[in-house]
Amino acid sequence: MNTRQSRIILASSSPYRKELLNRILDDFEVLSPEIDETPFPDEEPIELVARLAQQKALAVAVNHPDALVIGSDQVCVLNNQILGKPGTIDKAIEQLKACSGQTVTFYTSLCVTSARETAQNTTVVATKVRFRQLSDKEIINYLEKEQPLDCAGSFKCEGLGIVLFEAIESKDPTALIGLPLIALVNRLREFGVELI
């Protein structure tokens, strides 16, 4: 693939992924993939995020054969249960109370592909977040200030959410925000994309 003449498309509706990709790329497009994100029966979280990243990338790549497409997904797991985006304050309160004093694992997947690719190489980066013991007042105050209702786990680590944690363990700090840039840079370089 001649990347100098090809387009790069982020297959995502996430403003957080777009903002992260802007850190390393000036010229890319954003298209929202239309896929069913329902987990399969007995599907493990790592399998789910890997499959969804591939499906998102392929759903866009099939209609844009000249493009290099980036797909990504993320799940938040507490005690083997996936925590989705809360959507409401009540659900966010429930999630943060459950996370208080616990270690939560975020699995963030990445698939970079084109319509010409036959094999799908997908990376999954795990991030462990240890929450402090949170009081009800801290939870309410945090949610009122940041309104993280569109974020899995009910927080934004790039914002005030960092005050909720005791520790973060990850090979890639951007994975927790939603797009593992270290892994992405490596994949783009494999496709011949020069970033610096």
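Given the structure, is G178 at pLDDT 90 or above, within 23 Å of S114 (Cβ to Cβ) and of a type outside the set (V, I, T)?
yes
Looking at this structure, is A175 within 14 Å of Q74 (Cα to Cα) and touching a residue at least 24 places away in the same chain (Cβ under 8 Å)?
So A175 passes the test.
Report the residue count in the range 147-183 for those that are touching a helix residue (DSSP H, G or I) at 6+ places or on another chain (Cβ under 8 Å), outside any helix (DSSP H, G or I) and under 15 Å from T103 (Cα atoms).
3
For the range 4-31: of the residues being under 14 Å from the mean Cα position of the chain (by Cα) and within 16 Å of H64 (Cα to Cα), which is surrounded by the fewest Cβ atoms within 10 Å (Cβ to Cβ)?
S12
The values are calculated or read from the model by the stated rules, or taken from the named source; none is laboratory data. This is a predicted model, so every value here is computed, not measured. Note that each Cβ is placed from the backbone with ideal geometry, even for glycine, and that neighbours are counted across all protein chains shown.
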